[in-house]
1. Which FRET efficiency value, to the nearest 0.05, is calculated for Lys263 and Met396 with the Förster distance at 56 angstrom and r the Cβ-Cβ distance?
2. What is the distance, in nm, between label points placed 7 Å from the Cα along the Cα-to-Cβ direction at Lys505 and at Lys57?
3. Using 0.36 nm per residue, how much length does the chain from Ser157 to Thr496 gain when fully extended, once their Cα-Cα distance is taken away?
4. Per q in 0.12, 0.15, 0.20 1/Å, what log10 I(q)/I(0) does a Debye calculation on the alpha-carbon atoms of segment 62-131 return?
5. Please rank Leu311, Leu282, fewest neighbouring Cβ atoms within 10 Å first, as an exposure proxy.
6. Of the listed pairs Lys395/Lys543; Lys436/Lys544; Lys465/Lys486; Lys420/Lys459, which have alpha-carbon separations greater than 20 Å here?
7. Go ahead and run the numbers for FRET between Ile316 and Ala273, Cβ-Cβ distance against an R0 of 25 Å, rounding to 0.05.
8. How much net charge surrounds Ile141 when only other residues with a Cβ under 10 Å from its Cβ are counted (Lys, Arg +1; Asp, Glu -1)?
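Computed from the coordinates by the stated procedures, all read-outs in this text should not be read as laboratory data. Everything numeric in this text was worked out from a predicted model, so none of it was measured. Counting neighbours? That spans all protein chains shown, and the Cβs are built from the backbone with ideal geometry, glycine included.
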Amino acid sequence: MEKRSLNKRILLITDILMPFLAVALVLLAYFIFSPPSSHVLKPSIDMMTGWISEDGKEYSLYDLPAGDKVLTRNISSIDKYNQSLCLKTDDTWIEIEFDGQTAYRYAPEQAPAYGASYGLYIHMVSIPYDANEITLKLHPIYDGRLPVVSSVCIEESSVFIADIYHQGSFCFLICMIMFAFGIVMFIMGFTSRELNATKMLNFFALGSFSMLVAMWSANDTYLLQTYSNHPECVKMLAYISLVFIPYPPVSFLASATHNRNSKFQPVLAVMVAVDLAANIVLSSSGIADPHSLLYLSHINIAASMIMVINLIVTAIKKKKTSAIFVRMTLIGMTAAIIGVATDMARYWMNRDSGESASTFTQLGVLIFIFSEGVYLIRERGRLAVERKRAELMEKMAYTDGLTELANRAAFHEKEKNIRKNKMPCVIVQLDINFLKTVNDVYGHAEGDRHIIAAANCIKEGFSGKGICFRTGGDEFVVIADYAEDKAIDEMIETMTSSAEDYNEKEKPPIPLAIAYGYAPYDPEKDDFDDVEKIADQRMYENKKTMKAEKSV
């Protein structure tokens, strides 16, 4: 049974992931393994070197000094027909001239909330076929920074775009996988009753972390910038994602290590809120820029890593969690921490390079979320089995084994609930006539059949209108919804008719006969025990009448 349940969960997860996997494989095949375009007639000409400044010095775009630069390069010998000057820039305003005539300028005016940074962007400018010289006027957005031009070439613009897709596809696929994983975690969180019951399996925190990292790292692929034509929005998405990234890992580990009362979560929540408020207020007012406030997010990330390490170490010392969780978490967190620390160090050591700042983080986080995801899925399955076992045990404790009606213990629980909540109802006492005779003369097997038949008739009579209990050998009680006598009489008539049908079809040695008596309970004026006694007394009166009629 447990194996079938596990297989169902695996199939459900497979169904959810299948569309994302299909899209990923198609993109992988198209962007990575597809052959070069057959219509390309001219090879790409790299233009990263050979640029001359106004003072006659030669520069490579790989290592430009800080500040504004005006650079020229002769292109008279290059076949420029149907070709474009294609560039990648990072937070650098650019103006392009051909033979002294301005052909292109990119210095976007952005809303204050976005700050000055537009992030990464691509530029494609058609080259006049008779142009002899290109001039690049570069202005870094931030004072004291280097102008960043990570790629310049002359080629067909369509080929340049295709190259962008090819180069960014692997990173983008990883982002898609992480985002899809986050969605699956959210679905499992919403559909997991065990999550709500134990407050331990924080699918939402792990899903949020995965999706935030995916949105942050997608900035480095150039694909979103190309699709949207709004690089400043993509950059802002990366900034905001980075603000929230520190919190989910701490929330997840606090729940998974049974340390929800830790002060780490509220402290980190305040730190994240301060970072977010600083970005919104200072950027909107023009006092600061999200780019200049990155150090706040990095401080929070470093604090988050310290908190996570502390939670894991504490859990190991106190042995609060299972060995398999500790093992999988150590593997995942080690990979994630190394990846994040490496990319943060790369950023601060070489932040003007224009290189991706998320490569190692992506790989580390991918290892982390999948190791924790496997644990969560396994733990959710285990808790589901435990819940079903507990439900079965509870059912056995409150269910009569012979008739499968609720038993006397269940009846007492219902009594307590009625008294506590002052619930109006009708109490119906029932008893099987001549059961002792059936047992003595025809054996207990026949007596059991008699009891089961009576239970079925009672259920049929009060189906949907009340709860049936077997409270003794031949004794039953129904707690029915509050109703007029006429409605209760109709239920009893249905029960009696069902008993007559049984006698006619099964022809038991002694016909089934069920005595009854009922009394309404109004919590505003009645005592429950008194009402039970009245119903019981009426049942015995009915029993005497039925026996007298039988003897006649």
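1. Working: r = 43 Å, r/R0 = 0.77.
Step by step, r from the Cβ atoms, then E = 0.80.
2. Using points 7 Å along Cα→Cβ, the separation is 10.2 nm.
3. Working: separation 339, 0.36 × 339 = 122.04 nm, distance 8.73 nm.
Taking Ser157 through Thr496 to full extension adds about 113.3 nm, to one decimal.
4. Ignoring solvent entirely, the Cα scatterers give -0.40, -0.61, -0.98.
5. Values: Leu311 25, Leu282 17.
Starting with the residue having the fewest Cβ neighbours, the order is Leu282, Leu311.
6. On the way: Lys395/Lys543 32 Å; Lys436/Lys544 16 Å; Lys465/Lys486 14 Å; Lys420/Lys459 26 Å.
Too far apart for the 20 Å limit: Lys395/Lys543; Lys420/Lys459.
7. Values: r = 31 Å, r/R0 = 1.22.
FRET efficiency, Ile316 to Ala273: 0.25.
8. Numbers: positive: Arg145; negative: Asp90, Asp91, Asp143, Asp289.
Around Ile141, the charge tally is -3.
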